[in-house]
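Worksheet: the structure to be examined is printed underneath.
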Amino acid sequence: MMRRTRARTLLLGVTALALLVLPAAPALAAADLPGTASWAHPSFTAAVRAFPDADAAQVAKVRLLTEDGYPEVYPVLSTLVDPEGRAWSRVAIPMRPNGRSGWVRSYVLGPVQVAHKRIVVDRTTMRASLFDRGRRVWTSPIGVGAAATPTPSGSFWVREKFPVLDASGPFGPRAIGTSDYSTLSEWPGGGVIGLHGTDQPELIPGRPSHGCIRVPNAALIRLYALTPIGTPITVR
């Protein structure tokens, strides 16, 4: 599990939808975060609504920073303009519980950016791969969560990246923070699942962690260099 360190541990298309058929805070499916995905940092804090309506129930609140103090990342799943001419964006929510989405006014978000890569984590084969426009450009054996603290499956994304102060320690030289949250909510920093290095490479491949994804240090450094903020992640 990722923790803060003295290094300040450091992390699609537009769809027009009719208001009558929108689900309330729908859960995310893998198809919601395709290989090419849009995302944005928030410019303001604001309510996240169940529907694109100012009177709809609030399901979350936009936050500006991650648990480690980096600009938060909100995937933009779709947009619409309501009958009053107000622009709304459906965003994935980087908070517990995993897999939620909701609606914010589009002006709450900064410039929308596009990610063309995807990380796929296979907990059965204990291997992770990075794809660039469908082409695999990186792969490595990994360590995943133990039976009592499994790595949660689902669709996630990269929220932050940072160097770790003690490169020889249990988190290795780098860490990549995700939107995946572990079963251990009491863990320091909120239980954010990260891809990070290790000081026990002999346990990879395997299931040695509290939920985080351990990567051999040399392979992690390469992944860190290749992976931009906002990259979708599929854990299966």
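Coordinate-derived values only; no laboratory data. Just so it is clear, the structure is predicted and the values come from calculations on it, not from any experiment. Glycine gets a Cβ as well: all are built from the backbone with ideal geometry, and neighbour counts include every protein chain shown.
With a Förster radius of 41 Å applied to the beta-carbon distance between Glu202 and Leu65, the computed FRET efficiency rounds to 0.70.
Extent along the principal axes, Cα only, for the stretch 94-236: 48, 35, 31 Å, with the longest axis given first. Fewest-first ordering of Phe131, Phe156 by other beta carbons within 10 Å of each residue's beta carbon gives Phe131, Phe156. Between Ser153 and Arg127, the distance separating the two model label sites (each 7 Å from Cα on the Cα→Cβ line) works out to 1.8 nm.
Nearest-5 percent of antiparallel DSSP beta bridges in the stretch 116-235? Please list the in-between numbers first.
Numbers: 26 of 33 bridges.
Once the DSSP bridges in the stretch 116-235 are tallied, antiparallel ones form about 80 percent.
Between Arg96 and Leu226, the simple label model (points 7 Å from Cα in the Cβ direction) yields a spacing of 3.3 nm. The label-point distance for Gln58 and Glu84, in a model that sets each label 7 Å from Cα toward Cβ, rounds to 1.7 nm.
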